[in-house]
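Written out below as structure tokens is the structure these notes cover.
The values are calculated or read from the model by the stated rules, or taken from the named source; none is laboratory data. This is a predicted model, so every value here is computed, not measured. All Cβ positions, glycine included, derive from the backbone under ideal geometry; neighbour counts span all protein chains shown.
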């Protein structure tokens, strides 16, 4: 399946603070390889960004969280044939499935496209205690030092971190920084987001070209 998406990676114009652009070559390719429904999901994604660009941030959070939580959960091994593969939002939507990294990363990139400042968000690696396994969510900080709100594919409602006692933060990152979680609201910066190899590889595969 990944070989079918190789071309799409070069046709994807990545989400940015200026908005989201999906070239006609990419949409045509996705429709040809994955069907009209796949193209429709990408067009709906683009429409979501256009519709909510001027919306208040709480409404943006709800809309983005709801949109991506409709996708099917599927492990990397069953979906991509690899134990740990971070797919781009285009791959996620084209195939309509992914695991926790795809949900968290796609929500982050879409909210960035909507203009939410990078410093208000962190992609957060957690220990999901009830599942007894690693998990990834998106944390949103309405202001510096505030209790974050958690956007999670396991729970449709956006909840304050204090209500998610089932999640124990391990580390987090955004577009620039990497933090090690120590205890509630006391994270220690330990480096650059580029130190997260999978994140760096994902960004490298999202090559910006024009239509």
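Residue 34 passes all but one of (1) closer than 21 Å to residue 203 by Cβ; (2) surrounded by 20 or more Cβ atoms within 10 Å (Cβ to Cβ); (3) at pLDDT below 95; which number fails?
Failed condition: (1).
How about the stretch 12-27: which of its residues are more than 18 Å from residue 203 (Cβ to Cβ), modelled with pLDDT of 80 or more and in contact with a helix residue (DSSP H, G or I) (Cβ under 8 Å, 6 or more places away or on another chain)?
25, 27
Collect the residues in the stretch 55-77 that are assigned to a loop (DSSP other than H, G, I, E, B) and touching a strand residue (DSSP E or B) at 6+ places or on another chain (Cβ under 8 Å), keeping them in residue-number order. Steps first, answer last, please.
Step one: of the stretch 55-77, the residues assigned to a loop (DSSP other than H, G, I, E, B) are 55-56, 70-71, 74-75.
Listed by number, the residues that qualify are 71, 74.
What strands (runs of 3 or more DSSP E), lying completely within the stretch 105-211, carry at least 2 residues that are at pLDDT below 95 and more than 27 Å from residue 70 (Cα to Cα)?
Result: 177-183, 186-192.
Is it the case that the stretch 38-54 has a residue that's farther than 17 Å from residue 121 by Cβ, under 15 Å from the mean Cα position of the chain (by Cα), at pLDDT 90 or above and assigned to a strand (DSSP E or B)?
No: zero hits.
Of all the residues that make up the stretch 48-67, how many are surrounded by fewer than 16 Cβ atoms within 10 Å (Cβ to Cβ) and within 17 Å of residue 96 (Cα to Cα)?
1
Tell me whether the stretch 130-142 contains one or more residues that are over 17 Å from the mean Cα position of the chain (by Cα) and touching a residue at least 40 places away in the same chain (Cβ under 8 Å).
yes
When you go through 76, 84 one by one, which is the residue that is out of contact with any helix residue (DSSP H, G or I) (no Cβ under 7 Å at 6 or more places or on another chain) and either over 22 Å from residue 35 (Cα atoms) or in contact (Cβ under 8 Å) with a residue 12 or more places away in the chain (or both)? So that I can check it myself, show each step before the final result.
On the way: 84 fails: out of contact with any helix residue (DSSP H, G or I) (no Cβ under 7 Å at 6 or more places or on another chain).
Exactly one residue qualifies, and that residue is 76.
Could you please find all residues in the stretch 34-49 being free of Cβ contacts under 8 Å to residues at least 40 places away in the same chain and in contact with a strand residue (DSSP E or B) (Cβ under 8 Å, 6 or more places away or on another chain)?
Residues satisfying the conditions are 43, 46.
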